[in-house]
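The structure appears right after this line, and notes come after that.
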Amino acid sequence: MKKLTSIIVLVGIISLILVGCAGGDSTGDGPYAGVEIKFADAGWDSIRFHNAVAGTIAQELWGYSWSEVSGSTPVTHQGIISGEIDAHMEVWTDNIPPYEEDLAAGKLHELSTNFDDNFQGVYVPRYVIEGDEERGIEASAPDLQYIWELKDHPDVFPDDENPGMGRMYGAIPGWEVDQILHNKFMHYGLDENFNYFRPGSDAALATAITSAYERGEPIAAYYWEPTWLLGMYDMVLLDDEPHNPDNYLEGASALPAVNVTIAVSNNFEEQGNEEFIAFLSNYETSSALTSEGLAHMQETGADYVETAKWFLSEHSELLDQWLESEDAQAMKDFLNK
């Protein structure tokens, strides 16, 4: 999952070879009918969501078919350079050590920033701070703003296995961010009256948060954006010291966000594809928008293409930002059928 910034090494090697996956078959007669776009699938939900959004538009407006090519972050990066992959909708640039050097050497084309507000850290439900009148929940820590202020509220976030102590949920053992979070936990003195709890998996962490939220109970836990969980639940990221690249690894400042870009291969650019490239050059979303799409998929069980169509219907203003007016209207007409 791309939740890792330069500090998280969760993505890992998913595959040592590139494997083609099904995308969308063209049924139109546009100028690129019969031409296939191969999107990178680096192994997480949000990239597949953006592939479906871009692929749906490419298919409907210009007649492309599209597919996904699976691989790890380094493998899909090499796929763009070699031309085995045409388009990458989520290049987590800080996670690819040679990215800037390869870009400067002209080995690929960066077209735009998809989003750069992918925050991560310790979150609490909003009702902990503000209450929730509709659910009958009173604010239990209305003065809570900064992560170090957790130690003022061990009674709000109790560790049921250690009476008198609070509990903060950290990251998964083996993730680099886990060590950084534990450093932060110690740096701010939370160990005085809190326990740092490591869930056994990302699924266990999500379950802990969703279970607490559904019961209206307080929880303080690590999480990241964009994700379906933060699209579905109203959570507040606790403030930290401003990010400082010189000390964040020691836990003394906020974790960094990453510039997540969109890139195409040189081969794809050289073969024309001007309209599609112009569209991707205008493509910009946010972590909140991406999380919204993922939450819809989680709630409804819709697949990626169905979710992409729903998303474009809900946010038709994006079509006006991304496309020429005539193409934007054509997509709106298609979505309204």
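The values are calculated or read from the model by the stated rules, or taken from the named source; none is laboratory data. All values derive from a computational prediction rather than experimental measurement. Cβ: placed from backbone, ideal geometry, glycine included. Neighbour counts: every protein chain shown.
Do we find a residue being out of contact with any Lys or Arg (no Cβ under 6 Å at 6 or more places or on another chain), modelled with pLDDT under 95 and of a type in the set (A, V, I, L, M, F, W, C) anywhere in region 124-145? No, region 124-145 contains no residue that is out of contact with any Lys or Arg (no Cβ under 6 Å at 6 or more places or on another chain), modelled with pLDDT under 95 and of a type in the set (A, V, I, L, M, F, W, C). Within region 35-53, is there a residue that is among the hydroxyl-bearing types (S, T, Y), within 30 Å of G216 (Cα to Cα), surrounded by 17 or more Cβ atoms within 10 Å (Cβ to Cβ) and out of contact with any Cys (no Cβ under 8 Å at 6 or more places or on another chain)? The answer is yes; a qualifying residue exists.
Those helices (runs of 4 or more DSSP H) of region 29-131 in which 3 or more residues are among the small types (G, A, S) occupy 45-62. Within region 251-259, does at least one residue satisfy the condition of being among the hydroxyl-bearing types (S, T, Y) and closer than 21 Å to D102 by Cα? For region 251-259, residues among the hydroxyl-bearing types (S, T, Y) and closer than 21 Å to D102 by Cα: absent. Taking the criterion of being at pLDDT below 95 and aliphatic (A, V, I, L, M), the residues of region 16-39 that qualify are L16, I17, L18, V19, A22, A33, V35.
Evaluate the following for L144: is it of a type outside the set (S, T, N, Q), over 23 Å from E225 (Cα atoms) and touching a His at 6+ places or on another chain (Cβ under 9 Å)? It is false that L144 is of a type outside the set (S, T, N, Q), over 23 Å from E225 (Cα atoms) and touching a His at 6+ places or on another chain (Cβ under 9 Å). Could you list, in sequence order, all residues of region 251-279 that are part of a helix (DSSP H, G or I) and either over 22 Å from G79 (Cα atoms) or within 18 Å of the chain's Cα centre (by Cα) (or both)? Once the filter is applied, which keeps residues that are part of a helix (DSSP H, G or I) and either over 22 Å from G79 (Cα atoms) or within 18 Å of the chain's Cα centre (by Cα) (or both), region 251-279 yields only E275.
For R198, state whether it is of a type in the set (K, R) and over 23 Å from the mean Cα position of the chain (by Cα). So R198 fails the test.
With the requirement that a residue be surrounded by fewer than 24 Cβ atoms within 10 Å (Cβ to Cβ) and under 21 Å from D117 (Cβ atoms), what does region 74-94 give you? T93, D94, listed by residue number.
Might you let me know whether region 287-303 holds any residue that is over 14 Å from D45 (Cβ atoms), touching a residue at least 60 places away in the same chain (Cβ under 8 Å) and part of a loop (DSSP other than H, G, I, E, B)? No: zero hits.
One residue stands out in region 181-214 among those that are without any contact (Cβ under 8 Å) to a residue 40 or more places away in the chain and not in a helix (DSSP H, G or I): the one that is surrounded by the most Cβ atoms within 10 Å (Cβ to Cβ), namely P199. Look at region 225-252: where a residue is more than 23 Å from R215 (Cα to Cα) and free of Cβ contacts under 8 Å to residues at least 12 places away in the same chain and a partner is of a type outside the set (V, I, T) and surrounded by 17 or more Cβ atoms within 10 Å (Cβ to Cβ), sitting 6+ places away or on another chain with Cβ atoms under 7 Å, you get N244/S253; N247/S253. Restricting to region 215-239, and then to whatever is buried (at least 20 other Cβ atoms within 10 Å of the Cβ) and among the aromatic types (F, W, Y), can you tell me which residue is farthest from the chain's Cα centre (by Cα)? Among them, the one singled out is Y222.
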